[in-house]
Amino acid sequence: IAAALYGFPGLLLGPFIGQMADRYSPAVILLASAYGRFITSTWLAIVTHHELFLFGVFLKGISNLGMIPAEQVLIRELLNKEQILLTITLTNVIDQCIKITAPLIGAFISTITNSQGGFYLTALLALITSLLTIRIGFTTRWIKKTGNVTTILPNFRLVSNIIRNNHVLFSSFLVVLAVSL
């Protein structure tokens, strides 16, 4: 149930929050997500009722949605094409290492403290992320984006047509779906 509640916000709200990073300052979106992660991680570390814990997991899922789109917008704006390719490669390697080590660290912390102790670490990391994001905001001058995104709802028909009419893209889409499944 917790895994479903954590992922469900991405299904419903992901496209909308992702567009916000294109429409507004990505630094503001990053900061809002970091503060949301801090608050929900602290909540998850101290909550004692099962139902409130599950609600906190749901809120944490929402708070995570702005990070990746805002990061992508910043990378696109701050780096040239060659730097982007190198950054994506490095980011993927680091991301995979973190996906391996983070659960081990969380399990270790939970073992020496309590089952929710690892959430204190995520709260601390979210606080550090907030401070770094403030620095990014001042570097980018908290600039409001004037992107070309005009609609709030994604144009599913357009995306469907693009995928159906490009056989390589369609195959790639199926591969991504299969890997995700």
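The values are calculated or read from the model by the stated rules, or taken from the named source; none is laboratory data. Predicted model, so just to flag it, every value in this text is computed and none were measured. A quick note on method: Cβ atoms are made from the backbone with ideal geometry, for glycine too, and the neighbour counts reach across all protein chains shown. Heavy atoms of the whole protein, side chains included, go into the accessibility calculation; ligands, DNA and RNA do not. Shrake-Rupley method; radii C 1.70, N 1.55, O 1.52, S 1.80 Å.
Computed from the C-beta positions of Phe108 and Asn80, the FRET efficiency with R₀ = 41 Å rounds to 0.50.
Over the chain, give the accessible area per residue in Å² for a 1.4 Å probe, as an integer. Walk me through the numbers on the way to the answer.
Working: 12560 Å² over 181 residues.
Heavy-atom SASA per residue in the chain reads 69 Å².
What the phi angles of segment 3-10 give under the Karplus curve with 6.51, -1.76 and 1.60, with θ = phi - 60°, is a coupling list of 4, 5, 5, 6, x, 4, x, x Hz, glycine and proline written as x. When the alpha-carbon atoms of segment 65-140 are used, the pair Rg, Dmax equals 15.5, 46 angstrom.
Nonpolar atom fraction for segment 48-179, defined as the carbon and sulfur part of the 1.4 Å probe accessible area, stands at 70 percent.
The C-alpha atoms of the chain define a longest principal axis, and helix 81-112 lies at about 20 degrees to it.
Applying a 10 Å radius around every beta-carbon, put 24-35, 156-167 in order of their mean neighbour count, most first. Walk me through the numbers before you get to the answer.
Numbers: 24-35: 22.5, 156-167: 10.6.
Answer by packing, highest mean first, reads 24-35, 156-167.
Between Val175 and Thr87, what length in nm is gained on full extension when 0.36 nm per residue of separation is reduced by their alpha carbon distance? List each step's numbers first, then the result.
Numbers: separation 88, 0.36 × 88 = 31.68 nm, distance 2.36 nm.
Result: 29.3 nm gained on full extension.
Remind me, relative contact order of the chain in percent, using alpha carbon pairs under 8 angstrom and six or more residues apart? Reported as a whole number, the value is 35 percent.
Relative to the longest principal axis of the Cα atoms of the chain, helix 67-78 runs at roughly 50 degrees. Projected onto its three principal axes, the C-alpha set of the chain covers 53, 40, 31 Å, listed from the longest axis down.
Enter the angle in degrees (range 0 to 90, nearest 10) between the Cα long axis of helix 156-165 and the first principal axis of the Cα atoms of the chain, meaning the one along which they spread out most. Value to nearest ten degrees: 60. Peptide packing for 103-116, 79-92 was compared via the average number of neighbouring C-beta atoms within 10 Å per residue; ordered from the highest value, the list is 103-116, 79-92.
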